[in-house]
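Asks: Once you've had a glance at the structure underneath, I'll fire off some questions.
The values are calculated or read from the model by the stated rules, or taken from the named source; none is laboratory data. Quick caveat, the model's predicted, so the values are computed rather than measured. Because the Cβ atoms are built from the backbone with ideal geometry, glycine has one as well, and the counts that use them run over all protein chains shown.
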Amino acid sequence: MSHRQLLSGNEAVALGALHVGCARGTGYPGTPSTEILERFDELGGEAEWAPNEKVAAEVALGVAFAGVRAMVTMKHVGLNVAADVLFTSAYSGVQGALVFVVADDPGLASSQDEQDTRRYGIAAGVPIIEPADSQEAYDYTRLAFTVSARWKTPVILRLTTRVSHTAAMVQPCDAAETPPRPHFVRDIPGRVMIPGHARIKHRALRSKLAEIQKWNETEGPNRILPGAAAVGIVTCGVASQYAREAAPEATVLKLGMTYPLPFQTILGFLKDKAKRFVIEENDPFLVEQIRAAGGDVPWNPEAFRMGELNVARVKRILTHDASPEPVAPRGKPPCLCPGCPHAYVFEILKKHDCIVAGDIGCYTLAALPPLSAMDSQICMGASIGVGLGLRHVLPEAEARRVVSVIGDSTFLHSGLTGVAEMVWNPPPFGHVLIVLDNQTTAMTGQQENPATGRRLDHTPSPRIRIEEVIAAMGVKNVLTLNPVRQAVELDAALVKALQTNELTAIVARQPCLLAARQIRAAEQPSCVACGTGAGG
Amino acid sequence: MKTMKTDPTRNIRIAGLGGMGILTSSQVLAEVLFEAGYDVKKAEVHGMAQRGGSVASDIRFGRHILSPMIPDGETDFLLILASEEIEMHRPALRPGGVLIDARAFDAAALPNRKSLNIAMLGALSRHLDIPVDAWHRAIRAAFPEKLRDLNVQAFETGRNLPKPGDTL
């Protein structure tokens with residue numbers, strides 16, 4: 001029997017995927033999902049970072065079309081990028097198995113919104129499985145692959161911060177599954193989603209979902225935890241832990257598959273309960289559906305769809321306590337590391353009172369005091385489009401101060417099409433793009449990206465040269481400067497660029513302080529004497 | 001598999017600022033408790049907070065742990081690495097809970113400034129019924145070879161403090 005292990009939910013997902021024979025894991029780093037693929041690689045799984053979530057999902061879909069099992073990992077907002085793949089792969093279905101592992105961030109520990117991934121399940125017609133702790137993260141990962149393989153449909157495994165980043169006990173199951181061998185089976189009407197084919201596949205999807213719902217009623221991962229009959233709580237995910245701690249006497253229906261829901265089970269459970277509650281994190285996803293199905297469950301006060309739940313907040317819901325919640329102390333906000341190369345660039349932008357269309361990464365911290373040198377941040381890659389939009393319509397004096405600032409990994413994730421727009425529809429006074437190239441994906445924990453010259457496992461790969469791509473796309477002035485050692489030159493280049501009506505891109509390249517040692521080691525030439533790489 | 005312990009839930013919070021080694025020390029602590037046979041949950045937040053902001057890790061152990069985070073007022077041991085963070089976490093302590101404050105440590109007595117996180121585990125270890133060699137094993141497992149002795153030494157410095165924490 002395998003040993004019990006102390007694993008985070010993310011590590012448990014990786015182990016579950018390995019044991020269920022996942023042939024390839026793809027993804028893009030994003031808190032709180034990042035460690036899944038890193039652990040999957042450490043365990044010996046085939047894992048890769050893709051340039052963005054859409055490409056990652058497409059690669060995973062191709063793997064699943066080849067008859068084997070694939071997972072793609074991302075944070076909640078990553079699924080917005082990959083949504084196109086999700087919706088139509090629900091129609092096409094898969095030959096092997098495809099699991100979208102999506103980690104939500106209720107309470108916004110490290111995200112730009114607190115959207116609820118479960119909405120995508122309904123919208124796309126994709127089953128959703130929600131673990132509540134590391135053991136379930138392991139078990140339900142295996143289950144997600146099993147459901148996907150059985151019904152030839154993609155499945156979403158929905159994690160949240162406290163599932164992903166809580167370490168807890170896992171007892172792995174010894175039965176490792178032997179993956180099938182990849183083999184191409186032609187299925188043109190099944191995978192070429194032209195209207196004539198897709199109409200038929202849409203019907204097929206709806207019948208699959210009806211079957212899965214029936215299965216969820218009788219064999220799904222849903223449990224009743226007995227207690228006093230008076231109070232019945234329907235719950236799922238980590239919220240179920242808070243509910244059980246807050247109301248140890250209550251009878252609890254804990255749902256593991258939250259789409260499509262087992263309505264008969266739920267309505268049967270609620271029938272004899274004098275007091276009924278639904279405890280869930282984020283949107284009133286269960287409440288809406290249960291009420292629509294005729295279940296008499298109350299809405300929770302609007303405040304509880306925002307922020308994380310915890311034992312105290314669940315007690316408030318259960319006791320109808322509407323008194324104002326205590327304001328949690330904020331603590332010290334994060335900031336750029338002392339000596340961070342990004343800070344040099346923002347000092348210059350601040351000095352010239354630039355209007356900075358920003359992007360997503362460590363450098364977003366430049367929006368906070370004392371720098372306060374970023375004016376917008378919306379989503380991956382938005383710096384370029386938003387900067388161009390501002391330049392198109394602002395009066396000249398203001399338009400000339402607009403600069404788009406984006407990091408290296410974010411640039412290759414979603415900045416390339418922004419540059420195409422910049423070249424294709426240039427604003428009257430030109431535009432200035434600064435790529436902060438710290439040679440790593442810093443915020444999520446120093447992952448590789450297509451410009452670092454190394455893959456997920458830090459082995460060498462061809463490197464995409466950001467300045468060459470931008471020049472090849474048609475930006476007239478492209479400079480590469482070191483923001484620390486060439487701060488004066490960078491300042492002068494920026495001033496000049498703001499004055500012309502031309503397009504300028506400045507690549508500010510200096511390694512992240514936290515990653516510098518790792519980058520130096522990886523970039524040392526191979527040792528001639530022993531024939532091995534000197535990296536480590 | 002060892003027999004699961006049947007003790008009631010106990011709660012430990014380690015708090016400070018990003019970069020102080022809170023995630024490392026909470027990992028060591030969680031492993032020690034897990035090896036001792038407890039059900040353990042360790043909750044922390046990664047990402048943005050690690051860039052120099054407030055960071056806290058909650059470790060709960062006992063027979064069967066539900067919520068990963070410690071409910072306010074139920075923390076038995078509060079380890080504070082950055083003294084400016086004390087007030088924020090004080091409401092988390094239960095009456096009679098123990099505060100272990102970094103200011104009790106003489107930085108000069110530590111083998112290395114960065115080993116404060118492990119020294120604080122040494123002070124905590126005086127309050128827990130765990131054999132000292134289990135602590136040493138977990139510390140050695142958590143660090144690369146060249147940092148192992150140094151961190152064990154830091155642990156011992158904390159363990160031998162005349163007053164390992166204040167009961168509040």
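Asks: Say we look at the stretch A:217-232 and pick out the residues that are farther than 19 Å from residue A:129 by Cβ and in contact (Cβ under 8 Å) with a residue 24 or more places away in the chain; which of these is surrounded by the most Cβ atoms within 10 Å (Cβ to Cβ)?
Replies: We begin by selecting, within the stretch A:217-232, every residue farther than 19 Å from residue A:129 by Cβ; these are A:226-232.
Adding the requirement that they be in contact (Cβ under 8 Å) with a residue 24 or more places away in the chain leaves A:226-227, A:229-232.
Numbers: A:226: 9, A:227: 16, A:229: 11, A:230: 12, A:231: 17, A:232: 24.
By that ranking, first place goes to A:232.
Asks: It is to be established whether one or more residues within the stretch B:20-37 are modelled with pLDDT under 95, more than 10 Å from every other protein chain (Cβ to nearest Cβ), under 15 Å from the mean Cα position of the chain (by Cα) and over 15 Å from residue A:167 (Cα atoms).
Replies: Checked the stretch B:20-37: at least one residue is modelled with pLDDT under 95, more than 10 Å from every other protein chain (Cβ to nearest Cβ), under 15 Å from the mean Cα position of the chain (by Cα) and over 15 Å from residue A:167 (Cα atoms).
Asks: Ok, one more. Do we find that residue A:368 is at negative phi, within 14 Å of chain B (Cβ to nearest Cβ) and under 27 Å from the mean Cα position of the chain (by Cα) in this structure?
Replies: Values: at negative phi: yes; within 14 Å of chain B (Cβ to nearest Cβ): yes; under 27 Å from the mean Cα position of the chain (by Cα): yes.
So residue A:368 passes the test.
Per-residue answers, yes or no, for (1) over 21 Å from residue A:450 (Cα atoms); (2) touching a Ser or Thr at 6+ places or on another chain (Cβ under 9 Å); (3) assigned by TED's automatic domain parsing to the domain that holds residue A:452:
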| residue | (1), (2), (3) |
| --- | --- |
| A:31 | no, yes, no |
| A:38 | no, no, no |
| A:68 | yes, no, no |
| A:82 | no, no, no |
| A:85 | yes, no, no |
| A:89 | yes, yes, no |
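Asks: Please note which strands (runs of 3 or more DSSP E) are completely contained in the stretch A:244-359 and include at least 3 residues that are touching a residue at least 40 places away in the same chain (Cβ under 8 Å) and within 28 Å of the chain's Cα centre (by Cα). Let's see the steps before the verdict.
Replies: On the way: elements: A:250-255, A:257-259, A:275-279, A:355-357.
Once the strands (runs of 3 or more DSSP E) in the stretch A:244-359 are filtered for at least 3 residues that are touching a residue at least 40 places away in the same chain (Cβ under 8 Å) and within 28 Å of the chain's Cα centre (by Cα), what remains is A:257-259.
Asks: Then there's this: Inside the stretch B:56-168, counting only helices (runs of 4 or more DSSP H) that do not spill past its ends, which hold 1 or more residues that are at pLDDT 95 or above and closer than 21 Å to residue A:169 by Cα?
Replies: Values: elements: B:86-89, B:116-125, B:132-142, B:145-159.
Per the criteria, B:132-142.
Asks: (1) of a type outside the set (S, T, N, Q); (2) crowded, with 21+ Cβ neighbours inside 10 Å; (3) in contact with a strand residue (DSSP E or B) (Cβ under 9 Å, 6 or more places away or on another chain): which one isn't true of residue A:365, the others all being true?
Replies: (3)
Asks: Can you spot a residue in the stretch A:406-417 that is of a type in the set (S, T, N, Q), under 24 Å from the mean Cα position of the chain (by Cα) and more than 27 Å from residue A:484 (Cβ to Cβ)? Write out each step before concluding.
Replies: Step one: list which residues in the stretch A:406-417 are of a type in the set (S, T, N, Q), which gives A:409-410, A:414, A:417.
If we keep only those that are under 24 Å from the mean Cα position of the chain (by Cα) too, we end up with A:409-410, A:414, A:417.
Now restrict to residues that are more than 27 Å from residue A:484 (Cβ to Cβ): A:417.
Checked the stretch A:406-417: at least one residue is of a type in the set (S, T, N, Q), under 24 Å from the mean Cα position of the chain (by Cα) and more than 27 Å from residue A:484 (Cβ to Cβ).
Asks: Further question on the same structure: Checking residue A:134 against (1) of a type in the set (Ser, Thr, Tyr); (2) within 13 Å of chain B (Cβ to nearest Cβ); (3) touching a His at 6+ places or on another chain (Cβ under 9 Å), only one condition comes out false. Which one?
Replies: Residue A:134 satisfies all of (1) of a type in the set (Ser, Thr, Tyr); (2) within 13 Å of chain B (Cβ to nearest Cβ); (3) touching a His at 6+ places or on another chain (Cβ under 9 Å) except (3).
Asks: Now, a different point. How many residues, within the stretch A:472-506, are assigned to a helix (DSSP H, G or I) and touching a residue at least 12 places away in the same chain (Cβ under 8 Å)? Step through it out loud before you land on a result.
Replies: So in the stretch A:472-506, the residues assigned to a helix (DSSP H, G or I) come out as A:472-473, A:487-499.
If we keep only those that are touching a residue at least 12 places away in the same chain (Cβ under 8 Å) as well, we get A:473, A:487, A:490-491, A:493-495, A:497-499.
The total comes to 10.
Asks: Output the number of the condition that residue A:107 fails; it satisfies all remaining conditions of (1) assigned to a helix (DSSP H, G or I); (2) within 14 Å of another protein chain (Cβ to nearest Cβ); (3) out of contact with any strand residue (DSSP E or B) (no Cβ under 7 Å at 6 or more places or on another chain).
Replies: (1)
Asks: Given the options A:412, A:456, A:394, name the one that is modelled with pLDDT of 95 or more and touching a helix residue (DSSP H, G or I) at 6+ places or on another chain (Cβ under 7 Å).
Replies: Values: A:412 fails: touching a helix residue (DSSP H, G or I) at 6+ places or on another chain (Cβ under 7 Å); A:394 fails: touching a helix residue (DSSP H, G or I) at 6+ places or on another chain (Cβ under 7 Å).
Result: A:456 is the single residue among A:412, A:456, A:394 that is modelled with pLDDT of 95 or more and touching a helix residue (DSSP H, G or I) at 6+ places or on another chain (Cβ under 7 Å).
Asks: Kindly indicate which of B:32, B:55, B:45 is aliphatic (A, V, I, L, M) and farther than 20 Å from residue A:334 by Cβ. Walk me through it before giving the result.
Replies: Numbers: B:55 fails: farther than 20 Å from residue A:334 by Cβ; B:45 fails: farther than 20 Å from residue A:334 by Cβ.
Just one listed residue meets the conditions, B:32.
Asks: Within the stretch A:423-438, count every residue that is touching a Gly at 6+ places or on another chain (Cβ under 9 Å) and either modelled with pLDDT under 95 or closer than 22 Å to residue A:519 by Cβ (or both).
Replies: Total satisfying the criteria: 4.
Asks: For residue A:31, all conditions in the list (1) part of a helix (DSSP H, G or I); (2) within 28 Å of residue A:408 (Cα to Cα) hold save one; what is the number of the exception?
Replies: Here residue A:31 meets the rest and fails (1).
Asks: Could I ask something else about it? Among the numbered conditions (1) under 28 Å from residue A:351 (Cα atoms); (2) surrounded by fewer than 16 Cβ atoms within 10 Å (Cβ to Cβ), tell me where residue A:498 comes up short.
Replies: With (1) under 28 Å from residue A:351 (Cα atoms); (2) surrounded by fewer than 16 Cβ atoms within 10 Å (Cβ to Cβ) applied to residue A:498, the lone miss is (2).
Asks: If residue A:235 satisfies all but one of (1) at pLDDT 95 or above; (2) surrounded by fewer than 18 Cβ atoms within 10 Å (Cβ to Cβ), what's the number of the condition it fails?
Replies: (2)
Asks: Taking only the stretch A:1-15 into account, find how many residues are within 9 Å of chain B (Cβ to nearest Cβ) and at pLDDT 95 or above.
Replies: Going residue by residue through the stretch A:1-15, those that are within 9 Å of chain B (Cβ to nearest Cβ) are A:1, A:3-6, A:8.
After this cut, where a residue has to be at pLDDT 95 or above as well, the list is A:5-6, A:8.
Looking only at that region, the number is 3.
Asks: Sticking with this one: Determine, yes or no, whether residue B:26 is polar (S, T, N, Q), surrounded by 23 or more Cβ atoms within 10 Å (Cβ to Cβ) and in contact (Cβ under 8 Å) with a residue 12 or more places away in the chain. Steps first, please.
Replies: Details: polar (S, T, N, Q): yes; surrounded by 23 or more Cβ atoms within 10 Å (Cβ to Cβ): yes; in contact (Cβ under 8 Å) with a residue 12 or more places away in the chain: yes.
Here the answer is yes, as residue B:26 does meet what is asked.
Asks: Do you know which of the residues in the stretch A:424-449 that are within 14 Å of chain B (Cβ to nearest Cβ) and of a type in the set (Gly, Ala, Ser) is nearest to residue A:505 (Cα to Cα)?
Replies: Restricting to residues being within 14 Å of chain B (Cβ to nearest Cβ) and of a type in the set (Gly, Ala, Ser), the top hit is A:442.
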